[in-house]
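What follows is a short report on a single structure.
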Amino acid sequence: MSITTIFALCALGGYILGSVPFGLVLTRLAGLGDIRKIGSGNIGATNVLRTGRKDLALLTVILDASKAGIAAFIAASVTPTADYMFLGNMTQINVVAGLIAGSAGVIGHNFPVWLKFKGGKGVASTFGFLVATNPQIALLALATWLLCAFVTRYSSLSAIIAALATPFYAFFLVEPTYTVFYAAVALLVLIRHRSNIVRLFKGEESKISFKKK
């Protein structure tokens, strides 16, 4: 089997796994109807939380975060560890395979074929992808999100800043191959938050509340 075929299969498998709409599936199984018809219309955990079911929202986060990471882990585990020249940088085949599968998983979550390519915003799945491919970078991204969330109280802005910071962390701490894929998913997070960016500029974006209701 050629390297190109291996990478293509990793991309396909990652996309299929990533496109499973857990938020929609869980809310329907719970008898809450179509999650796309409430709140923002998104299938992610934030919109699931709007149903009042914190347990389902938490489970959605876990499953959405896991699928891209699982795709990356499986791809990296079953492919060869031989050296490989990728975009002018020497790396290993299994590293590239994992990054391809994980990135495809994030794309699948954002644009699932089952839902006419209308999916979530990919924050949880991106984090799971980072955890599976480089835990150090994932922790830095999480710390960035937490710091920004505490200072600004905007979840969306924190996600955008953390995503955009990730490829810069990778540039200084890991090999260039990671930076390429992390920059790609960061750009996707930015694109998927277009409406949030507009609301932020208008001062209409909702803030995180740290007070108990």
Q | Only listed residue being open to solvent by 20 Å² or more (accessible area, probe 1.4 Å) and out of contact with any Phe, Trp or Tyr (no Cβ under 8 Å at 6 or more places or on another chain), chosen from Leu24, Leu59, Leu17 | A | Leu17
Q. Are any of the residues in the stretch 92-108 touching a His at 6+ places or on another chain (Cβ under 9 Å), open to solvent by less than 50 Å² (accessible area, probe 1.4 Å) and at negative phi?
A. no
Q) Taking the stretch 119-151, which residues are open to solvent by 30 Å² or more (accessible area, probe 1.4 Å), in contact with a Leu (Cβ under 8 Å, 6 or more places away or on another chain) and farther than 10 Å from Thr166 by Cβ? A) Gln136
**Q.** Members of the stretch 1-38 found to be over 22 Å from Val106 (Cβ atoms) and among the small types (Gly, Ala, Ser), listed by number
**A.** Ser2, Ala30, Gly31, Gly33
Q) Within the stretch 73-88, is even one residue among the charged types (D, E, K, R) and either touching a Ser or Thr at 6+ places or on another chain (Cβ under 8 Å) or more than 23 Å from Ser195 (Cα to Cα) (or both)? A) yes
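Right, Val48: crowded, with 19+ Cβ neighbours inside 10 Å, touching a helix residue (DSSP H, G or I) at 6+ places or on another chain (Cβ under 9 Å) and more than 18 Å from Gly108 (Cα to Cα) or not?
yes
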Q: Go through the stretch 158-199 residue by residue and tally those that are touching a Phe, Trp or Tyr at 6+ places or on another chain (Cβ under 7 Å) and farther than 21 Å from Gly88 by Cβ.
A: 4
(Q) Give me the residue from the stretch 63-82 that is among the polar types (S, T, N, Q) and open to solvent by less than 50 Å² (accessible area, probe 1.4 Å) and, out of that set, nearest to the chain's Cα centre (by Cα). (A) Ser66
Q. Between a first residue in the stretch 105-132 that is in contact (Cβ under 8 Å) with a residue 40 or more places away in the chain and a second residue that is of a type in the set (Phe, Trp, Tyr) and open to solvent by 60 Å² or more (accessible area, probe 1.4 Å), which pairs have beta carbons less than 7 Å apart while being 6 or more apart in sequence or on different chains?
A. Phe111/Phe117; Gly119/Phe111; Ala132/Phe73
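The values are calculated or read from the model by the stated rules, or taken from the named source; none is laboratory data. Predicted model only: the values in this text are computed from it and were never measured. Don't worry about glycine lacking a Cβ; one is built from the backbone with ideal geometry, like all the others, and counts go over all protein chains shown. Each accessible area value is taken on the protein alone, full model and side chains, heavy atoms only, with ligands, DNA and RNA left out. Shrake-Rupley method; radii C 1.70, N 1.55, O 1.52, S 1.80 Å.
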